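Read the figures in this text as sums done on the coordinates, not as results from a lab. All values derive from a computational prediction rather than experimental measurement. We place every Cβ from the backbone using ideal geometry, glycine too, and count neighbours over all the protein chains shown.
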Amino acid sequence: TEGRHPISGDGYGGPISLLKQAYSDTSSLGSTSVLLAVMDNTTQIHGKLHPMIGIVTLGDCELLMLRRAKGSQNPLEVILHTEMQRIGGHNQTPLQLARMDSDTSFHSNEDEAGLDAIERGTGLHCSSTNEGDIIVIGSDGVFDNLFLPEVVDICNRILPPRASQAPTPSSSLLELAECIVKAAHAKTGARHQTPVGIGGKADDTSVVVAEVVEWTRSKRAAFEHSHRRTSKWTNMFGCSASPCVQESESEQEESDDEDGGHRCVVS
C-alpha cells in the first residue's frame, strides 16, 4: 500500500523511521521479531563518502558482520554482533512487533503501542562497512542452536580466502546460508550443548547471507540484466522461484566437483 508519509531518498531518516513507516502501513494480523539492515552511502567521514550499515532489531533475530581484518588471505572475524531483546532474558519470550486486533476502531491505540515499541524497545547499531564484508542475518532458530564460534567456523569453511578480488559467487553465499541452517537443525533433539542448553530448540530457521560490494555501473547492469530474465512470479517470490535457485544449484554442482566434495559437513 502507499505509505502515509513516504520516505524519499532525500527524506530517509534512518532504519527506525523506515520501520515505523512500514508498521504503520501494515494491516495483517500477527506478531514477529524484526531485524532491518540498511546500507547508507550518504555518510561522509573527513569529507569523503563512507558506506555505513544501519541496523534496527526488535526480538531475537541477530546479525553478524564479518571481515578479513588482518588481510585478504586471513580468516573472517566478527566485527559486529547485534544482541537479542527478550523479556527477562528468557529464550521463549522475545520482544515482538504485533498487530492483533481486527477491529479497526482499535487500530489507533495499537499503532501507538507498536510505534512506541519501535521507538523505545529496539536495538540500534550503526557501523562502517568495507568492500568484502560478509553479512549473516539469522532467526533464533540459528542462534539458539549454534554458538557464535560455530557460525564463524562455518563461514570460514565455506568462504576461504581467494586470490580473486571479485565479489563472492552467489552460489557460495547460498551454500553458506544452507549450511548454517543444516548445522542448526543437526543440533536439535540430540545431546549437543547449545546456547539454550543441551538438545537445543527445534524451530523454523531463516538465514540471509550477503556481501558488501562496490555498486558500480557494470554491476548494476549485470543485476538488472539477471532480473529482466525472470518472470513476474519470480519477481514476486524472489530467489525461492525456480530460475534463481536452479542457476545457483547448477553453479554449486560445478563448485563441488572442483573442490572434490561438499564443504558443508555437519557432525
Exercise for review: Give a residue-ordered list of calculated ³J(HN,Hα) values for the stretch 67-80 (Karplus: 6.51 cos²θ - 1.76 cosθ + 1.60, θ = phi - 60°; whole Hz; x for Gly, Pro).
Suggested key: 8, 7, 5, 9, x, 5, 9, 10, x, 5, 10, 6, 9, 8
Check your understanding: Roughly how many debye, to the nearest 20, is the charge dipole of the stretch 157-206 about its Cα centre, given +1 on each Lys and Arg Cβ, -1 on each Asp and Glu Cβ, and no other charges?
Key -> 220 debye
Revision key, fill the gap. The stretch 19-77: relative contact order from alpha carbon pairs under 8 Å, six or more residues apart, as a whole percent, is 27 percent
Revision key, fill the gap. Rounded to two decimals, the Debye log10 I(q)/I(0) of the stretch 168-223 (Cα scatterers, no solvent) at q = 0.16, 0.28 Å⁻¹ is -0.62, -1.08
Practice item. Can you tell me how much longer the chain between residue 22 and residue 38 gets when fully stretched, taken as 0.36 nm per residue apart minus their C-alpha distance, in nm with one decimal? Key: 4.4 nm
Check your understanding: Using the alpha carbon gyration tensor of the stretch 17-76, what are the three equivalent-ellipsoid semi-axes (square root of 5 times each eigenvalue), largest first, in whole Å?
Key -> 31, 19, 7
Review point. What order do you get for 160-166, 143-149 when each peptide is scored by the mean count of other beta carbon atoms within 10 Å, highest first?
Key: 143-149, 160-166
Study note, to complete from the structure: With the label point 7 Å along the Cα-to-beta-carbon line of residue 130 and a cut-off under 13 Å to each amide N, the hits in the stretch 32-71 are 66-71
**Study point:** Qualifying lysines (Cα of each under 17 Å from Cα of residue 201; at least 8 residues distant if same chain)
**Key:** 182, 187
